[in-house]
Amino acid sequence: MIKKSLLFFFSFTCLLISAQQSKIDSLLNMGICDINGFCIPNIANMSRPKGISIIQQSTLDYGITSKFRDSIAKQNGEIRHNESVEIKLKFPLILKKQTQIFMGLNYRNEEFEFENSNQLQSEFHRHLEEKPLRTVGSTIYLDKRFKGRHYFYTRVSFSLNGDFNDGKAFNYFRSSVTSLYGTKVSASKTWGYGLSYSYRFGRLALYPILHYNKQFNKKWGFEALLPLKTEFRYQPNEKNYFYLINRLNGANYVLTFDQLTDKNLFLAYSEFISMVTYEREIYDFLWFTVSAGMRANFRFDLTESNTVINNDEPLVRNTLNQAPLIRFGIFIVPPKRFMNKHR
């Protein structure tokens with residue numbers, strides 16, 4: 001009787017193992033998982049991730065209207081030059097079949113130059129011109145792959161945002177977290193859902209996110225990370241990429257106005273950008289990029305409080321006109337041999 005039970009258990013176990021292996025083989029043939037059965041989150045015909053990038057953005061002439069909370073009068077200005085330079089570095093810490101961890105470092109500097117700057121009457125306008133907005137930060141990326149169709153992705157960012165006057169670094173500290181649980185439906189389609197806790201809307205907010213990525217054929221694809229981004233992509237060949245991108249950007253900066261108050265003030269910054277981007281390979285690992293589009297500002301308000309829920313009137317409420325923008329830069333990507341080995 002015992003021998004029959006052992007034989008039944010052994011046979012049942014073998015059937016389970018065989019069924020599991022058959023499932024893995026099927027997913028492997030579909031391009032969903034690797035030979036070890038772990039999900040491959042990436043889909044075919046996607047551009048390689050950027051390891052080092054240097055991007056300069058120029059927003060052309062636009063008007064700004066500022067209204068102080070305790071004043072009826074409005075102060076108008078014309079910004080002739082609004083330029084930013086952003087440098088990013090991303091490198092791997094752990095590269096395993098089931099777990100990949102990357103670290104990123106970034107620096108951003110944004111400057112404003114007004115028309116007739118020596119005649120500016122607004123203290124806020126003078127501050128923008130004299131003290132650039134800067135960001136220095138780091139990001140940890142975790143890519144966890146499960147056996148089968150599923151994966152988990154999370155990004156944790158830390159930064160110092162502000163005009164970096166005298167003061168403790170902690171005063172400028174900002175952090176955000178985004179997590180996503182995804183499913184790979186086929187070699188050309190993934191989707192997922194999660195939560196983000198960030199400053200994309202100018203203030204720290206928690207909101208749900210929905211991710212969808214689809215490659216229709218070898219040339220056309222679409223990706224959405226709602227409510228933050230949509231992207232249509234076109235790849236005529238492996239050396240050229242075109243994108244139509246709609247994206248929500250946002251940040252929160254700490255500013256110091258000695259003439260207004262001895263307390264730190266907060267600039268809630270949120271904008272929508274729509275642009276066409278072209279990327280071209282110079283060499284296997286070296287690319288350049290150029291973009292042109294429009295920017296519409298949602299929020300550019302100076303406040304006295306940085307709480308998540310704040311119904312107080314901003315100290316300075318600013319309205320920025322829509323404006324065209326151009327971007328150009330260069331970036332370095334992993335060589336093809338490296339990507340084929342660690343895809």
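The values are calculated or read from the model by the stated rules, or taken from the named source; none is laboratory data. Not measured: the values here are computed from a predicted model. Counting neighbours? That spans all protein chains shown, and the Cβs are built from the backbone with ideal geometry, glycine included.
General remarks:
- Verdict on GLY162 being touching an Asp or Glu at 6+ places or on another chain (Cβ under 9 Å), farther than 28 Å from PRO41 by Cα and in contact (Cβ under 8 Å) with a residue 60 or more places away in the chain: no
- Residues of the stretch 268-290 satisfying the condition of being of a type in the set (Gly, Ala, Ser) and touching a residue at least 60 places away in the same chain (Cβ under 8 Å): ALA268, SER270
- When HIS211 is tested against (1) part of a strand (DSSP E or B); (2) over 28 Å from PHE158 (Cα atoms); (3) touching a Ser or Thr at 6+ places or on another chain (Cβ under 9 Å); (4) not small (Gly, Ala, Ser), just one condition goes unmet, and that condition is (2).
- So ARG200, is it assigned to a loop (DSSP other than H, G, I, E, B), closer than 17 Å to TYR269 by Cα and in the same structural domain as ARG280 (by TED's automatic domain parsing): yes
Results for (1) modelled with pLDDT under 80; (2) under 30 Å from GLU115 (Cβ atoms); (3) outside the structural domain of THR277 (by TED's automatic domain parsing), shown as yes or no for each residue.
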position: PHE10; (1), (2), (3): yes, no, yes
position: GLN20; (1), (2), (3): yes, no, yes
position: SER53; (1), (2), (3): no, no, no
position: GLN56; (1), (2), (3): no, yes, no
position: ILE64; (1), (2), (3): no, yes, no
position: GLN75; (1), (2), (3): no, yes, no
position: GLU86; (1), (2), (3): no, yes, no
position: LEU95; (1), (2), (3): no, no, no
position: GLN100; (1), (2), (3): no, no, no
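- Hey, ASN321 at pLDDT 90 or above and either in contact with a helix residue (DSSP H, G or I) (Cβ under 9 Å, 6 or more places away or on another chain) or surrounded by 14 or more Cβ atoms within 10 Å (Cβ to Cβ) (or both) or not: yes
- Failed criterion for SER71 (all others in (1) at pLDDT 90 or above; (2) over 18 Å from LEU267 (Cα atoms) hold): (1)
- Residue selection: LYS74 satisfies the criterion of being closer than 22 Å to LEU302 by Cβ, surrounded by fewer than 18 Cβ atoms within 10 Å (Cβ to Cβ) and of a type in the set (Lys, Arg).
- Answer residue from the stretch 184-238, given it is buried (at least 20 other Cβ atoms within 10 Å of the Cβ) and modelled with pLDDT under 90 and is nearest to ALA251 (Cα to Cα) among those: GLY202
- Check on THR230, among the hydroxyl-bearing types (Ser, Thr, Tyr) and in contact (Cβ under 8 Å) with a residue 24 or more places away in the chain: no
- Restricting the stretch 34-81 to residues that are in a loop (DSSP other than H, G, I, E, B) and touching a Phe, Trp or Tyr at 6+ places or on another chain (Cβ under 7 Å) leaves a set whose member that is nearest to ILE326 (Cα to Cα) is LYS50.
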